[in-house]
Each structure stands twice: as structure tokens, then as C-alpha cells.
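Q: Got a structure for you, questions after.
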Amino acid sequence: MNAIESLGCVVKDARLRLGYTQSQLAEKVGVEVRTVMHIENGIGNPTWEVVFPLIRALEIDPRAIFYPELNREDEAMSHMQILLSKCSEDDIQSLIPICEAVLGVFHERGGFQIEDK
């Protein structure tokens, strides 16, 4: 997979994760829908003026684009870091005991299991 195809995969995965359509993303970033389509399909060579707002709008860790060999766990960790970067120090201090409690239950139960109803 070349760099443009890798960018396309990362953008599409992030767009779907956030629940955006291609049209919604294009509007949010200020580009034509066909630009988003071309990027996702690995066509063309987008400029930094297009890529930069895409990365920000989709909350993509740039390492996922520039180092596509990172595994999915690394991408999940990067996403958590991006979310935390939007928090104040007080927010983070409040989240620590919550995360510790959730992880404690998670580890006691051997992981989360979804029950069918």
C-alpha cells in the first residue's frame, strides 16, 4: 500500500468511526465531496491545505498516516490521547479515579462481555 492509499484508509476509517458521510466531512473541512472521495480511494495527491484540516476534523493522530505500520491498539491509544488533550488538567484529574474503577472491574471480570437480551 502506498502513502496515498494509506491516507485514504485512515481518513475513511476515521470518518466512519465519527459517523460522517463524505458530504458532511467535505462541508466540515471546506472541500468538494469529490476531494474526499478521491482521498479515500487513494487517487491524486492532496495538498497539505486539505490534509491538515482533515486530520484535525477527524481527530486523526498524524502517526497513523505517516507510520501506517502502527497496529490498531496504537491507533486506539492515540485516539485516547487526542481526547485527553482536549481536557483541562482538572478534567483529567477527575477522570483518573473513574478510569481506575472501570479498569478494576474490567480486569476482575476478565474483560468486558456483551450480553444478548
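The values are calculated or read from the model by the stated rules, or taken from the named source; none is laboratory data. These figures come from a predicted structure and were not determined experimentally. Don't worry about glycine lacking a Cβ; one is built from the backbone with ideal geometry, like all the others, and counts go over all protein chains shown.
Q: Filter the range 34-56 down to the residues that are surrounded by 15 or more Cβ atoms within 10 Å (Cβ to Cβ) and of a type in the set (D, E, K, R) and list them by number.
A: Glu40
Q: Within the range 57-95, work out how many residues are surrounded by fewer than 13 Cβ atoms within 10 Å (Cβ to Cβ), modelled with pLDDT of 90 or more and more than 22 Å from Leu25 (Cβ to Cβ).
A: Residues that pass the stated criteria total 9.
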